[in-house]
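The values are calculated or read from the model by the stated rules, or taken from the named source; none is laboratory data. Owing to the predicted nature of the structure, the values given are computational and were not obtained by experimental measurement. Virtual Cβ from ideal backbone geometry, glycine too; neighbours counted across all protein chains shown.
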Amino acid sequence: MCKAKANYVHTLLKKYFWEMTDDTSLSTGDRPVLPEEAADFLNEYAAALNVDMTHFHFNRYFPREGVPFLPNAVLPAFMRTEHHAPKPLTVAMLIASAEAGRWVD
């Protein structure tokens with residue numbers, strides 16, 4: 001494991017959120033982060049660590065909440081609620097992807 005990249009991931013996480021262990025999930029658990037903050041973090045993470053995020057699917061980890069009082073049938077696709085539980089996006093996944101230079105799920 002490249003200790004420098006792991007340390008940088010932890011530093012970046014602390015800058016945006018709080019100190020997290022490698023098994024902490026950003027998208028699930030007791031303290032999931034807001035999708036907007038996660039998007040900002042991931043943009044800086046990818047740029048700073050040169051991680052190819054081509055195969056990263058944000059909505060897998062942070063499903064769209066949509067418009068709660070309207071049914072999906074009347075909404076355009078980008079506004080529809082996604083009815084699936086978020087997958088855990090862990091610090092360990094971020095570190096592994098930083099070391100690989102591409103998103104690894």
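One table, with the values for the structure above:
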read-out: Scope the range 7-27; condition in a helix (DSSP H, G or I) and within 23 Å of Glu65 (Cα to Cα); matching residues; value: Tyr16
read-out: Check on Asp30, part of a loop (DSSP other than H, G, I, E, B), modelled with pLDDT under 95 and not small (Gly, Ala, Ser); value: yes
read-out: Index of the failed condition, Leu70 passing every other in (1) part of a helix (DSSP H, G or I); (2) modelled with pLDDT under 95; (3) loosely packed, with under 13 Cβ neighbours inside 10 Å; value: (1)
read-out: Residue check for Ala4: part of a helix (DSSP H, G or I), over 20 Å from Val104 (Cα atoms) and modelled with pLDDT under 95; value: no
read-out: Met20 of a type outside the set (D, E, K, R), farther than 14 Å from Lys87 by Cα and touching a Phe, Trp or Tyr at 6+ places or on another chain (Cβ under 6 Å); value: no
read-out: The listed residue being modelled with pLDDT of 90 or more and in contact with a helix residue (DSSP H, G or I) (Cβ under 9 Å, 6 or more places away or on another chain), out of Glu82, Glu19; value: Glu19
read-out: When residues of the range 4-44 are limited to those that are under 17 Å from Pro88 (Cβ atoms), among the polar types (S, T, N, Q) and under 14 Å from the mean Cα position of the chain (by Cα), the one surrounded by the fewest Cβ atoms within 10 Å (Cβ to Cβ); value: Thr28
read-out: Some residue of the range 54-62 being modelled with pLDDT under 85 and surrounded by 11 or more Cβ atoms within 10 Å (Cβ to Cβ); value: no
